[in-house]
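Before any comments, here is the structure.
The values are calculated or read from the model by the stated rules, or taken from the named source; none is laboratory data. For clarity, every value in this text was computed on a predicted model and none was experimentally measured. Cβ placement follows ideal geometry from the backbone for every residue including glycine, while neighbour counts extend to all protein chains displayed. Please note that ligands, DNA and RNA were not included when accessible areas were found on the heavy atoms of the full protein model with its side chains. Shrake-Rupley method; radii C 1.70, N 1.55, O 1.52, S 1.80 Å.
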Amino acid sequence: MSIYKKRIIKEDMKRKIYIMTVVVLLICGWCATAPAADKIGFIDMREIMLNSAAGIKARETFQKDYDKKKEELKSQEAEIKKMKDDLDKQSELMTRESINEKEAAYDKKLRDYQIMVQDANEEMRKRDEELSDRLTNEIIKIVRAVAKKEKYALVIDVANMPVTYYDKGNDFSKKVIEEFNKMK
């Protein structure tokens, strides 16, 4: 694992710990001063994204793009494999100069392929983030509207925060999915 990835993972863990600490402190402070009538609601953002019509459509669109990229890469990979096989088979019959030329062409094609794979991975990662961010922003608007309508004082996303126990009766993910599907 590269140093860059390790640093990103450490920063992500620090951020998650910080967020959990802040939320726990807010809950503790809120519980000490809150009247008993206030409710805490729960959602599962992952469930909403996977089961809503917009989430399903986004996933299908992403999968089509992913499959298209995968096919492009497979064809390049097959071409490179063919070049390598041809080079291995013909090397005994070729001059040293032509072997060097073929090896150079193969190496260039291989480097181009590796760059293409990296670019495709980065493009797919960015596309996934864009789709997730767009869906998340839309879902949050609906969560806020439902929470306000049903008078929840606090809403916790159980998909992004470790929660040991919560009352499923206060989970309104299905309501959010229904409202999101109506909106879409």
**Message:** Name the residue that is least open to solvent (accessible area, probe 1.4 Å), counting only residues in the stretch 139-170 that are modelled with pLDDT under 90 and among the charged types (D, E, K, R).
**Reply:** Asp167
**Message:** Looking for something outside any helix (DSSP H, G or I) and not polar (S, T, N, Q) - is there at least one such residue anywhere in the stretch 44-65?
**Reply:** yes
**Request:** Run Met124 past the list (1) open to solvent by 100 Å² or more (accessible area, probe 1.4 Å); (2) hydrophobic (A, V, I, L, M, F, W, C); (3) closer than 30 Å to Gly55 by Cβ and report the number of the one that doesn't hold.
**Result:** (1)
**Message:** Please go through the stretch 76-94 and give me each residue that is in a helix (DSSP H, G or I), open to solvent by 70 Å² or more (accessible area, probe 1.4 Å) and free of Cβ contacts under 8 Å to residues at least 24 places away in the same chain, ordered by number.
**Reply:** Lys81, Lys82, Lys84, Asp88, Lys89, Gln90
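Identify all residues within the stretch 101-143 that are among the charged types (D, E, K, R) and either over 17 Å from the mean Cα position of the chain (by Cα) or not in a helix (DSSP H, G or I) (or both); write none if there are none.
Glu101, Lys102, Glu103, Asp107, Lys108, Lys109, Arg111, Asp112, Lys141
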**Asked** Would it be correct to say that Ser173 is over 30 Å from Ala58 (Cα atoms) and open to solvent by less than 40 Å² (accessible area, probe 1.4 Å)?
**Response** no
**Request:** Determine if the stretch 75-83 includes at least one residue that is closer than 18 Å to Arg134 by Cα, within 31 Å of the chain's Cα centre (by Cα) and among the hydroxyl-bearing types (Ser, Thr, Tyr).
**Result:** no
